[in-house]
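Take a look at the structure below.
The values are calculated or read from the model by the stated rules, or taken from the named source; none is laboratory data. Source: prediction; values computed, not measured. When we count neighbours, we look across all protein chains shown, and the Cβ atoms used for this are built from the backbone with ideal geometry, even at glycine.
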């Protein structure tokens, strides 16, 4: 298939019509944002409201309603299968500082993993996983918005629909979580490849060892605070990099500090405001340091052990040291439905 080189105004990246999503930083950021939301939901499943707490004084239930106790839910399974659908609005699809492009986004996820019941290891328990995840990212489902791109072969400006930026993600992963009391330690490895949706041509891949530690602080019977650190190194390989860049120019290391508060709303629902600071150091090519602040809140409803519903809103603020890369602000808001089966 003939590939037309294009450049999207404001994005500072060379694109191709067959892999339009591939060369925009929005594709990589979308995957990272989705990973963060799934990690928060996984944490919310582990810190859930338990049995109703006894009254501290006569008439407490009448005054403030029944109070639930936060408790850990041990995972008891050998295989974990998950299907997830997420629909949301973003006000800055291309991560520009100006000329923001609004879009509606759908992310579909199917995942299967060997996830045996956590077993004793020293003074704690280890829960390992190994599996595969496939995701579909689709843009502009409910509107006919187009953006202008420049075609270097015809030296003309063209209109391109937002759906041209659709892409798929395939991930092989293995990880393990060791817990002892309210402490948790994570260690894992992921291989992810991003592909354009029409022909599944690969435009980006990365190999990611990652690590992290978390501490949960129960504050009272129905609320808990979690603090955590997460780090990784991303060995990146970008197909058709911009001129004067190598294929590994997206290689980088991330270090995040996370804080989340989990409050029980009822026996089946929790609210979870959070903040994350992430420092990213690009290790190849031009020196670049990124500083990302993420604020948000999510409401998770777990109707059964298999069915979960969520609503979320998040705001990202990125500042970068590279003058050729725009700082940006982005608002995302929407909801999702999760079906998880363990057997």
Checklist line | Members of the range 303-333 that are within 24 Å of residue 271 (Cα to Cα), touching a residue at least 24 places away in the same chain (Cβ under 8 Å) and not in a strand (DSSP E or B) | finding: 303, 305, 306
Item checked: Residue selected from the range 315-340 under the condition closer than 14 Å to residue 41 by Cα and within 14 Å of the chain's Cα centre (by Cα), by the criterion surrounded by the most Cβ atoms within 10 Å (Cβ to Cβ) -> 336
Notebook entry, point to check: Restricting the search to the range 242-252, which residues are in contact (Cβ under 8 Å) with a residue 60 or more places away in the chain and surrounded by 16 or more Cβ atoms within 10 Å (Cβ to Cβ)?
Noted result: 250
Next item on the list: Enumerate the strands (runs of 3 or more DSSP E) found wholly within the range 69-153, keeping only those where 2 or more residues are modelled with pLDDT under 95 and over 26 Å from residue 169 (Cβ atoms).
Entry: 119-121, 146-151
Item checked: Those residues of the range 146-193 which are closer than 28 Å to residue 213 by Cβ and more than 23 Å from the chain's Cα centre (by Cα), in sequence order -> 180, 181, 182
Next item on the list: Would you mind finding the one in 268, 255, 293, 300 that is in contact (Cβ under 8 Å) with a residue 60 or more places away in the chain and under 22 Å from the mean Cα position of the chain (by Cα)?
Entry: 300
Notebook entry, point to check: In the range 136-164, what residues are buried (at least 18 other Cβ atoms within 10 Å of the Cβ) and on the phi > 0 side of the Ramachandran plot?
Noted result: 140
Item checked: Residue identified as under 24 Å from residue 109 (Cα atoms) and in a strand (DSSP E or B) among 188, 184, 228 -> 188
Next item on the list: Exactly one condition in (1) more than 30 Å from residue 79 (Cβ to Cβ); (2) in a strand (DSSP E or B); (3) within 22 Å of the chain's Cα centre (by Cα) is not met by residue 213; state its number.
Entry: (1)
Margin query: The conditions are (1) crowded, with 17+ Cβ neighbours inside 10 Å; (2) on the phi < 0 side of the Ramachandran plot; (3) free of Cβ contacts under 8 Å to residues at least 40 places away in the same chain, and residue 167 fails exactly one of them. Which is it?
Written below: (3)
Checklist line | Single unsatisfied condition, residue 284 versus (1) touching a strand residue (DSSP E or B) at 6+ places or on another chain (Cβ under 7 Å); (2) surrounded by fewer than 17 Cβ atoms within 10 Å (Cβ to Cβ) | finding: (1)
Check: Does residue 209 satisfy being loosely packed, with under 15 Cβ neighbours inside 10 Å, modelled with pLDDT under 90 and within 28 Å of residue 285 (Cβ to Cβ)?
Finding: no
